[in-house]
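Take a look at the structure below.
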Amino acid sequence: MTIYACPWELQLNIESAKRIKEVACEVGAFLQGEFTLASGRTSDRYFDGKLITLSQEGAYEVGKVIAEELEGTGVNAVGGLATGAYPIVTAVALVARQSGWQISTFIVREQRKKHGTMRKIEGHLKEGSRVAIVDDVITTGGSVIKAIKAVERANCRVVKVIVLVDRVEGGSDKLLKMGYDFTSLMKYPAGGEVIVEESAAVAGDAAGGAIRR
């Protein structure tokens, strides 16, 4: 296994996102070798997002860039599937607190808890909330869609989906076609070259779907 030479496309045109790119290189978050992904697929590249979100500076920058992206969207809760979303939602909550912005946080379990409260969703998610789903990476979209379905079953509205890295293997296209407002901080295509864009976000109607509000 070797550290990959950081070939990705930057999606957010803000300094925090650029710094996240630098942190990813510094901590070796992009790897090359033989890997089995959560989807069951095999890959010659891998993004270890927790090397960023569990580093002090990385956590702060991730929290900052996502909080800035959510500003003005009406989102009042942020969460995602365990375990990728754990450090991300915590970082967003802390940055929001520093800015005087109240936001609730939660985590969706892969499986319903079999003891204690027996909850599928842990934390603070009220019925009727406007929700942002976050994750560290998207490949086929399976993990993100699990979180979305759990949130919608709780009678909440998903109005934003943000991931650190889009591997460009169908997951983001699937979400866009379903009408979700999707943003990735970075794109990491197979054999991708480094491309920095001016554009900040990818919206649902870019793939022919009406954006959910």
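Any read-out appearing in this document is the output of simple, stated calculations on the displayed coordinates, not a laboratory observation. All of these numbers come straight from a predicted model, not from anything done at the bench. In this analysis, Cβ positions are derived from the backbone assuming ideal geometry, glycine residues included, and neighbour counts consider all displayed protein chains.
Pairs from the table (LYS64/LYS174; LYS120/LYS177; LYS126/LYS160; LYS120/LYS160) lying more than 25 angstrom apart at Cα are LYS64/LYS174; LYS120/LYS177. With both labels modelled 7 Å from their Cα along Cα-to-Cβ, the LYS18 to ASN155 distance reads 4.7 nm.
Rounded to the nearest 0.05, the FRET efficiency derived from the C-beta distance between ARG109 and GLU26 at R0 = 35 Å is 0.65.
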